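Have a look at the structure below before the remarks.
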Amino acid sequence: MPEAHQEQKKDLVLNLKKEGYYVIMVGDAVNDVPAMLDSDLSVVTLQNGNVSKRALDIADVKIENIKEIIDVVK
């Protein structure tokens with residue numbers, strides 16, 4: 001949901017958690033922060049080079065390339 005409003009992302013995370021899923025939120029911008037805060041694991045991707053300081057500060061894991069998410073999930 002790259003173009004979704006921050007509340008839509010947050011709602012998706014919360015709904016998935018209610019259904020019993022372990023949720024990993026990957027983001028890099030301010031609009032990702034609410035969902036990152038409510039996720040079980042927050043990941044910030046640095047590949048675009050334009051990362052929100054807030055997203056960087058709250059992320060549990062930092063990755064350089066989105067392909068690294070495979071190792072994070074394992």
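Worth a mention:
- Taking the criterion of being touching a strand residue (DSSP E or B) at 6+ places or on another chain (Cβ under 7 Å) and among the small types (Gly, Ala, Ser), the residues of the range 49-63 that qualify are 55, 59.
- For the range 24-61, filtering for residues that are closer than 15 Å to residue 7 by Cβ and among the small types (Gly, Ala, Ser) leaves 4.
- Candidate set from the range 1-45 (those that are of a type in the set (S, T, N, Q) and crowded, with 17+ Cβ neighbours inside 10 Å); member that is nearest to the chain's Cα centre (by Cα): 42
- Failed item in (1) surrounded by 12 or more Cβ atoms within 10 Å (Cβ to Cβ); (2) within 13 Å of the chain's Cα centre (by Cα), with residue 57 passing the rest: (1)
No value in this document is a laboratory result; all are computed from the given coordinates. Computed from a prediction, not measured in an experiment: that's the story for all the values here. Ideal geometry is used to build each Cβ from the backbone, glycine not excepted, and the neighbour counts take in all protein chains shown.
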